[in-house]
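Below: the structure, in structure tokens.
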Amino acid sequence: MLEIILFYIAATVALVSTILAMTRANAIHALIYLIVSLLAVAVIFYLIGAPFVAALEIVIYAGAIMVLFVFVIMMLNLGAKGDAREKTWMRPSVWVGPALLTIVLFAELLYVISSAEGPVSTGVVGAKQVGLSLFGPYVLAVEIASMLLLAGLVGSFHLGRRYLDRAPSSELGHQQEGE
Amino acid sequence: MLMINLILILLIGGVVAIFSERLGADVPRKVALAVVIIDLIYLLIALSTIPQLETLQAPVPSDPETWLMHYSVEWIPAFGIKIELALDGLSMLMVLLTLILGAVAVSASWTDIKVRQGFFEANLLWTLAGVLGVFMALDLFLFFLFWEVMLIPMYFMIAIWGHENRGYAAMKFFIFTQASGLLMLVSILALVVIHHGNTGVWTFSYFDLLSAQIAAQTAFWLMLGFFVAFVVKLPGFPFHTWLPDAHTQAPTAGSVILAGILLKTGAYGLIRFAVPLFPQASMEFAPVALWLGVAGVIYGAILAFGQTDFKRLVAYSSVSHMGFVLLGVYAWNILALQGAVMQMVAHGFSTAALFMIAGSLQERLHTRDMREMGGLWQNMPRMGAIAMFFIVASLGLPGLGNFVAEFLVLLGLFQVDRLLAVIAALGLITGAAYSLLLMQRSFQGEPDETRQLVDFGTREMLTMAVMMTALIVLGIYPQPILDISRPVVESLISFSSIVTGGSL
Amino acid sequence: MRELIGLIPLIPLLSSATLMLFAGHLSRFAIGLLGVGSVGIAAILTAKMGIDFLGNPEVFKVTLWTWMQVGTFSSDVAFYFDGLTLVMMSVITGVGFLIHLFSTEFMEEDVSYARYFAYLNMFVAAMLILVMADNLLLLYLGWEGVGVCSYLLVGFWYQNSANGYAARKAFIVTRIGDTLMALGLFLLFTELGTLDIQALGDAAKDKWQVGDSMPLIACLLILGGAVGKSAQLPLHTWLPDAMAGPTPVSALIHAATMVTAGVYLIARTHELYLFAPIAMIAVALVGLATSLMAAFTALTQHDIKRILAYSTISQIGYMFLALGVGAWTAGIFHLMTHAFFKALLFLGSGAIIHCLHHEHNIFKMGGLRTRMPVTFWSFMIGSAALAALPMTSGFFSKDQILLQAYQVDGIGPWLWFGGLVGALLTAVYSFRLVFVVFFGQVNTEPDKDTGWRMVIPLSLLCILAMMGGWIIIPVTQVFPLAVFEHPAHWVEYVSIAVPIVGVIIAYLIFLGGQLKVDVFTNSFVMQKLQQFWFSGWRIDWLYDQLLVRPYYGLARALKLEPVDNFYRLVVTISQTFNQWLSAGQSGQMRRYITSMVFGLIVLLAILVRAS
Amino acid sequence: MEGLNIPLNHILLIASLLFVIGMLGLMIRRNIIFILMSLEVMLNSAALAFVAAGAHWGQPDGQIVFMLILSIAAAEVAVGLSLVLQVQRRFRSLDMDSLDWMRG
């Protein structure tokens, strides 16, 4: 019974903080709400019997990835001017249309998932089981994930270097004239 | 092997021509001329070994062994694609015409081309190679391949060395031929698939596909695919509009090849493929094709009359003349078909020569606009006299090749449909109108004494002499040509009449 | 000897080719020698053949080679020689030789001397082929060949655009007739299976009945060709304009030989015409109408050559009348005498023009009788023959025509009467010409007199024009014998008297001045009528409005290629699609995402429906 | 723990709500940082659905897909953020709408 209440609280927190994260003007504020949302999702993971995933969610998602965001936002140094501009971009004319589309899509999803029945979980699937499948039938997926991460590493290393600044901006300007 | 060699000599000659440019700007044209002439001599030597009797023997369309030459090796056995070449009287005439006009074309562009001569001559030779392939290939896949091969170098010739509006003209030429070629490809593939469905054999060979059994409705659409491809090339009304642009913008050699040879591939295709492969469907379609032919004859002549651009006028005259070929093919009796073959040969010479004259004028006057010409006879009497010769040839003066052709076509057509023959005969009158207008506007009239123009020199006179001799011989003693094509034409007619159970 | 018949057209042809190829390397004397000599040799050979033939009148045929043989169609390059051929060849080479000789003087100052003789020799060759041809296709070759030579010679002085226009008009108008004739050939071949002239006659006897529609159509088509070439109504308009060419050309081509080719053609194919009586009547009516129309027109012209041109049209009309009434011998006879006296008149006018600084207007001439006596006498004799005054050559031939026309059942007397009116007019206009040009006061002084190369042809032609009527042409084997009953004597007397009356009228009006016609001619109606006649009955204008202008308009309207509009439409449509689609490529990420979402919604909806 | 006794479609409802919110953010935000964040939300919601489905069947496969998604998210963020840095350096702006050179 407690878990059920906890679940609905976590779900509410996740939804509210995500909505707030999407609508904030200040990037850091938004990020904090996002972290909250992730943590709430981690709680849900734990509740539905996936403790290993809950841990990963907190450590890697809320921890590593979000910190990356924080670093970048700090490097960009957006400031108050950026916030003001964000506000001007959030006019109703911008979001009414997308919102309608979103509602339609949600309605469709609702229709689809309404047919799902049964309890969400019947027991805990622990780290051991996950590890066994991971290096059993899913070993190829592990390899793919490692390749992907390597590619991400190389890509971000290359893109992050400052010497790209020397890339001929005149050439880019030229292209623009050529349009 | 001989036929492969003919094509290979030209293809390799093209490569040699590109590299020979390093030896000097005027080397490639000499190389090209040498290559074409070697090819011609090679062909003549090979032909001389065929006994006279055999050229007069009727080849059975579906039996390659009765043809003058036949060569076949496997290429892609999985689909039954072979490298299959064959030569009968009709192809032989066309191949000879191609090589002679090829040499003429090289001569026509002797001084015309100022940049990248090597590549130009290479394109010229490759076009010739493609055309030879088209005239000799009897595997439909190979035929289609050569059909495309001759198109692309020609596109380059117009697009790179053409005149002021070359990009547009080259693109138009390309799209028209390419799109119609794709229709033909669809037809070829459908034909092969249907034949496979009936017999379980994959084959692209003309000889096998002749006997394919196709439902009438399907045959009609397949025939239409071939017909459109060939009529665009011919060009027949109303698919002719690429021609005036392409001709006007092409360099002289390009126009010579285009008018002299490339258009004939369309006519050849109709005679060789479109009708024999689908005799029944062609018979049903013949009235439409004949009306298109008549429309081409008259429409081309009227538009030629309205032009002020020398080359455009000649281009429209081609439309008119090739209308006679279409008439000849679809009248499908021996008179008309022989006339169509004659027209292919004679028009090749007369129009090529007119384009050479147009090119020479443009080189000297830097304009093709006839409103800026006039009285050129005074400045260049030799060119004037030669122009007069070819103009009266093109208007169908008896004693020159074109007359024999037009007469036979009309006579053959008259036996099939008198009304059409009467309308087509109007083309003789309108033909005279535009031809003489051309003469009047360019060479006659008020001369401009201040012009300093160089008359034709020895090289040009020699080239012209070749074509004039050819036209005179065709005009007063056409029998050798008629004898060469007669067995082919007769056997085609009898073949299709067996299939349709009657005359077309 | 017979095998050498091929040489007769070949020699002028070779000479022509030589002149074209080596024009720059030959002296003027050599050019003249070659040009005149080749026709001279042809004339000598013809004379030899003629003498042989008269001694032993045997028709023969020489086949040189097969021209084309396709399926059942076959045509040889073969020459057929009979009396009719002989007459035509004699006229062509004989008169042709004299005109060539005349030309050497007339053209001596022209820069394109060699070109002139090249064309003229080629013409003689083509004309010989025309008359010698054994089949209609070879005849057609000569037929078109003379057409081109005529075109080349009319437009000889190409520097003047008007000449070029006249030349083109000549060619195209005759081409209309030629095309009709070509259709006639197609029909004949399709119906009778041959184009060989003799075989056609035989085949016709087998397959046709008199009065069938096929022979009628075929004969009318052939008549179309003849009408074009011989400048008869309604295709006569080119001939007056064709006078733009050098005058000896007018004499040779547009008076003596080429324009009479139509007469020859109908005479040659008379066996077919026998199956189509209606076509014969059509020939007669065309001839009569033309001769009257042209005679009226000639009466009002100022230009000496135009007068002669209309007179030629009119005289050929007589020949057609003769052919139409079945008087083939008379028609051919008139063809020959006409060749003599009309060549004479043209050469005479050429001499005048030559000596009078290229003056063409007869009212600027006058009093030349004493200045140019040879020319005067040539003109007198020529005009007398033209007017058919008794004892001249024209008298014999025209008289025969009129008398035979009278014999025709039904319309005969009307034809005869029409012919008489024409004869009267002929006498008036021809002597109007003589009186205005040679009598009265001198308006323009000639700057030179005729040299021997002009005098000799003129004198010889004078003799022929006077005596030609005594020649008996050897065509009795060619044509069926006409059943000739001598008509009442009064008919004959009237026929003889009418030309004399005409001359007297001309004298009274134009020379003596006794007959005051000013009041009459100045009346409003007559003024209008004169203008109408002067313009050639407005036929040129009519064609201009009905055919030439619409054709030019059509060509101009179509110049920009309306068919291309369809393809341009295809291009425009694909460009429009291109614009639409590339407008979607806005570069705005959010829009892409939005459209992806939209797509997602649609896909999901499809999935939901499907499940 | 012996599982959670709530209907599966409730958790799927949460997941889809999170997904559409992320998508809405993707569509309405112009700042690249926010776009990347929205992507994170969407990836996360998808991961939630996977894990829930896995839990429903008592299988570890859902969790494995979560880990795949995690690595994708990590790689994506790494590359995306370095791109953000480049964009900021070159254009002095993070406005997605101004980066429309690919306009057709």
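The numbers here are math on the coordinates, done by the rules we state, and not lab data. All of these numbers come straight from a predicted model, not from anything done at the bench. Reconstructed Cβ throughout: ideal geometry from the backbone, glycine too, with neighbour counts over all protein chains shown.
Numbers at a glance
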read-out	value
Estimated FRET transfer efficiency (residue C:217, residue C:59; beta-carbon r; R0 35 Å; 0.05)	0.75
Point-to-point label distance, residue C:33-residue A:8, nm (Cα→Cβ direction, 7 Å offset)	13.3
³J(HN,Hα) computed for each position of the range B:445-454 - Karplus, 6.51 cos²θ - 1.76 cosθ + 1.60, integer Hz, glycine/proline x	x, 4, x, 9, 5, 6, 5, 10, 10, 8
Viscosity 1.567 mPa s, temperature 4 °C, Stokes-Einstein D of chain B from Kirkwood C-alpha radius, µm²/s	57
Net +/- balance of residues flanking residue C:588 in space, Cβ distance below 12 Å, scoring K and R +1, D and E -1	+1
Nearest-ten-degree value, helix C:549-558 long axis tilted from longest Cα axis of chain C	20
Extension gain from residue B:382 to residue B:369, taking 0.36 nm per residue of separation minus the Cα-Cα distance	2.6 nm
Those residues of the range B:285-319 whose amide nitrogen sits under 20 Å from the label point placed on residue C:552, 7 Å along Cα→Cβ	B:301-310, B:313
Using alpha-carbon coordinates, inclination of helix C:28-55 to the longest axis of chain C, degrees	70
Furthest towards positive pole of dipole, A:112, C:317, C:406, structure part the protein assembly as shown, Cβ charges	A:112
Full-extension gain in nm, residue C:559 to residue C:302, via 0.36 nm per residue minus C-alpha separation	88.5 nm
Approximate spin-label separation residue C:518-residue B:423, in nm, with each point projected 7 Å along Cα-to-Cβ	6.1
Residue order, fewest to most beta carbons within 10 Å, for B:94, C:596	C:596, B:94
Residue B:498 paired with residue C:608, simple spin-label distance in nm, labels 7 Å along Cα-to-beta-carbon	6.7
Cβ-defined net charge surrounding residue C:68, 15 Å radius [Lys, Arg +1; Asp, Glu -1]	-4
Likely footprinting exposure, B:391, B:188, B:257, fewest C-beta neighbours within 10 Å first	B:188, B:391, B:257
Set C:61/C:229; B:233/C:559; C:169/C:342; C:48/C:448; C:61/C:169 screened for pairs whose C-alpha atoms are more than 29 Å apart	C:48/C:448; C:61/C:169
Dipole moment magnitude, nearest 20 debye, the protein assembly as shown about Cα centre, only Lys, Arg, Asp, Glu C-beta charged	2960
Formal net charge of residues neighbouring residue B:396 (Cβ-Cβ distance under 13 Å; K, R +1; D, E -1)	-2
Table column - 3J(HN,Hα) (Hz), the range C:298-308, Karplus curve with 6.51, -1.76, 1.60, x for Gly and Pro	4, 4, 10, 6, 9, 7, 4, 6, 5, 4, 5
Helix runs (DSSP H) in chain A reaching 27 Å along axis by Cα, Kyte-Doolittle at least 0.0	A:2-23, A:27-47, A:92-113, A:139-160
Potential extension, residue A:147-residue A:85 segment - 0.36 nm per residue separation minus Cα distance	18.4 nm
Positive-end extreme of charge dipole, the range B:426-502 - chosen from B:481, B:465, B:498 (charges on Cβ)	B:498
Cβ-derived FRET efficiency at R0 22 Å, residue B:186 paired with residue B:4, nearest 0.05	0.20
Burial order of peptide ranges C:421-430, B:372-381 (average beta-carbon count within 10 Å, highest first)	C:421-430, B:372-381
Charge-dipole axis of the protein assembly as shown as Lys and Arg at +1 and Asp and Glu at -1 on Cβ define it, positive-most pick from C:510, B:391, C:47	C:510
With 20 Å bins from 0: P(r) over the protein assembly as shown, alpha-carbon pairs, percent	9, 28, 24, 17, 10, 8, 3, 0
Per-residue HN-Hα couplings for the range B:66-82 [Karplus 6.51, -1.76, 1.60; θ = phi - 60°; Hz; x = Gly/Pro]	8, 7, 5, 9, 8, 9, 8, 10, 5, 10, 10, x, 4, 10, x, 8, 10
Low-density loop cleavage sites - trypsin sites (Lys or Arg not before Pro) in the range C:440-547, where at most 14 other Cβ are within 10 Å (DSSP)	C:448, C:516, C:538
Under-5 Å amide H pairs with residue C:276, H placed in peptide plane, nonlocal only	C:211
Between the range A:15-39 and the range C:17-78, the Cα center-to-center distance that results, in Å	110
Stokes-Einstein diffusion coefficient of the range B:284-504, Kirkwood radius over Cα pairs, 10 °C, 1.306 mPa s, in µm²/s	88
Degrees between helix C:161-192 axis and first principal axis of chain C (Cα, 0 to 90, nearest 10)	80
Sparsely packed trypsin sites (Lys or Arg not before Pro) within the range D:46-104, loop by DSSP, other Cβ within 10 Å at most 13	D:92, D:103
Equivalent ellipsoid semi-axes - Cα gyration tensor, chain D, angstrom	34, 15, 9
Percent of alpha-carbon pairs separated by more than 32 Å within chain C	50
Estimated FRET transfer efficiency (residue C:380, residue C:493; beta-carbon r; R0 22 Å; 0.05)	0.35
Longest segment of chain C lacking GluC sites (Glu not before Pro) that sit in a DSSP loop with at most 11 other Cβ atoms within 10 Å	C:110-484
For the range A:3-98: relative contact order, % (alpha-carbon pairs under 8 angstrom, 6 or more apart)	26
